[in-house]
Structures are given as C-alpha cells and as structure tokens.
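Comments concern the structure below.
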Amino acid sequence: MSSADIRDVFELPPPGAGTKQKPKSHGERRPEGVSRELFSLLGENSAPLAIYQKKFKEKPKSNQKAKNWVWHPFKNPTREDDLTLYHWVLKSEAESEAPYKFEKFNTTLFIQDYTEEEYRELLEDEDWSKEETDYLFKLCREFDLRFFVIADRYQWPAKNRTLEDLKDRFYTVSRKILTARNPINSMTAAQSSLLNSMEYNKEQEVIRKNYLVGLASRTPEEVAEEEALFIELKRIESLQSKLLSDREEVLKLLDEQKTTEDLQSFHTSAGVSGLIQDMVNARRVTKAEDVTSTYSAPSSGVSSSVSTPARPLTLNAPKVRYGPSPNDAKSGISWHEKLHSGCFVRSQKIPAVKASLVQKVYATMNELGVSSRLIMPTAKVSEKYVELQNNIVILLELKRQLDRFSQESDIQGRLNDPKKRSASPDAIQDGPTKKLNTGLGNTS
C-alpha cells in the first residue's frame, strides 16, 4: 500500500499542499424583531419572509393649517322651552348662522284627523264613543303608532281594549277618512299605497296569535310526535318519484302499456289480481302471434329472435335463394346473433340471476319440482328454463312491489286518520300485509 493510499484513507492533504484558510462566509444578517437564539436555531434554512411590525404610526404628512373651532350657542327649533345649548363648530359655520343640522331628523308621522261632521256621518260605532276615539288618536300621535306602548298606556273607564281592538279601530277610521276625502278613482300613487298599508284583518290576527300560543304551549311529547310525523311525511314524499319509476319498470316487465289509472287502484289485492289476469291474457295472445309470425328466444346466447324473410313480390326484384325455415326442426339449422369462438357448454350461456334473488328463485323451483341444474341442456330445454327463470323473477319483483305499496298505503292511512296517529311506529311497521297468490303450482 502506497503513502498516497494511506493519506486517502485518513483523509490527509498531500505533502506539498499547505493548510489553506477557508474564506469567511458572510452569513445572513439577523432580521430585526427576531431574537438571537431563534435565529441561531434556524441555521442555513432561514425563513423566506421576515415579518416586521412597526411600533408606532408614521406622523401624518399634512401641509394644511389647523382649522379654527369655536364654542357656539344654538337653539333647537323643535323645542318649546327656548333652551340654549352649546357645541363646538367650525368658525365658518358659526359666522354663517346655519340652522341646526339635526333638526331634519325630528319627524312626525302623518295621522289622519277628522271633524265633527265626518265622525257623525262615517265613524260612529256602538262600541266606540267619540271621546274614546279622540283619546286613541291622541296616544297614536304621542307614541308614533307604537301599538305595544299604546296598549300598555291605554286606560279608559269601563273598557278593556286589546291590542287588536286598538289597531282595528285606528285603521278602520283612517281608511274611511282617506276614501271619503279622496275617491279611489282619483287617488294618486302615494295615496293608493297609503290605503293599501292600512289593511288590517282583526279576526285573522286573533287566530294567528292563538295558533302561536298553542304552538308555544306544546308539551315535549307532542313536539316529539309532530317531529316524527314530519320526518315520516318527508320520507314518503321523497320516495314518490322512486315508487313511480319502480311502477313503470314493473309494467315494462309485464309487457303492458303505461296505464293512466290512479296508483290507489293497485293497493288492493283485487286490483293486483285483475292486473295479473290481464297480463296473462296478453301474454297468451303474444305467444300465439309469435308462433305464426316469428321465432322468439331470449337474448341469452342460447338462441335469438329472427323473423322469417318475406318473399319478394315485385317482378323486377332479383332472384334470391332462401334456405330452410327456422321453424323447421328437420334441417337442424339455427340462427344466432353472435357466434362464439371455440367450443362451449350451452348451460354456461344461461343468464345469471341477481345475487339477492338466487335463493328465492331456487326455492321456488324446488317447490315446482324443477331442478336448478339442467341434466340435459338442449336448446329447447335451455330456452324453457330461461323462460321459467325470467317468469319467477318477474313474479318476485311483483311481490316486492306489492309489499311496498301495501306498507306505504298503510302508513299514509294512519297519518290521514287522527285516531290512528297514537299508534306506535312498531305497530305501523309490523302491520299486516296481504300476500300475493302467484299460482306457481299451475305453471308448466
């Protein structure tokens, strides 16, 4: 091992190189507002931004001279005692003797006044005398139509007036005076707006306040019951669109046209039974038409639906050679929408049932004495098996929709009947539901 290798292992400088002094690195300057200990902890990774907060505001730079203010006396024109007050104002305003600038905020409401003749002709009332009416209008002018204050201050011998009585009397008198002095046909826009603002219905106001009193005096049990009914009503309303869509899907499964009847007609067993009978009759007619016209099969890969090609009727049409008919069993020829490559087992092409309905479909097949696994899956056997499987799925879907409609009808009937509102939610959920007689025992 050479000396150069030894120096390299111990990281020693070569013999000819002297000790070089490292240049002093000028570190970053400690920003103002940061302590020395904190800055030393930062090291080379200093903060990207240094926040510097000034301690004092800058002196405003203004070349204008200070304005002269004087202690000036003034009087409020709205006061009747001729009181003299003082306040600081600019000297220019004091010399101009401008009016008191807050005088414009001292406004009063416009309240209709009436004469003796108008009262005798228009305003007489058996329950109200002229003196009491004058007293009411006086309080209205004094308290600026703050009827809560007016009702608190109102005191008239042998009369106990409510807030609604005071409002009704005031607005009735004001409307009669306004319409008598200004006919409705000749009123301006401001007068029409004023007349509309004086509309007051005493009976409706009393009913509203009684309703609020009853609403505020409810017990916690009544509040909980109303909240539960409100939540149930919202749930039913939110499911209306879903129920309608499910109903349309059921009708499509039954190969029926969309009915225009009300949904209530299908909430009873008689309505559902009539619907099923109509569907069975329509299916028989459809099968009879298919035997004479087309060869129908499910889109499961076992076979397909292909119509028999029509014979050309025109003389100029080109001659086409037609093969054997699909209904001819002797030819042994079948038509398919898509040919699969390679060999496959026909039973593998049978469409699978939903996972949630597999057990129910197999249980129904066991009741009918049909095995869930085909022993001889020929084309016709597979076709019939798929048809039976689809019919069972349709009937199970009908049963589910019937149970749902029955439950919703029972809940809505209980909500509409006040005698049944006290029933517990468990009684509503465990209510009797009618069973649908599917008639699977007669299916061949």
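Derivation of every value follows stated rules applied to the coordinates shown; laboratory data play no part. Note that the coordinates shown come from a computational prediction; the quantities given were computed from them, not determined experimentally. Using ideal geometry, Cβ is built from the backbone for each residue, glycine included, and neighbour counts are taken over all protein chains shown.
At a glance:
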| read-out | value |
| --- | --- |
| Around LEU357: net Lys/Arg minus Asp/Glu count, Cβ-Cβ under 14 Å | +3 |
| Cβ-defined net charge surrounding GLU118, 14 Å radius [Lys, Arg +1; Asp, Glu -1] | -2 |
| For segment 172-232 versus segment 374-403, the gap between their alpha-carbon centres in whole angstrom | 64 Å |
| Set LYS61/LYS91; LYS242/LYS360; LYS75/LYS167; LYS59/LYS91; LYS159/LYS209; LYS159/LYS202 screened for pairs whose C-alpha atoms are more than 29 Å apart | LYS75/LYS167 |
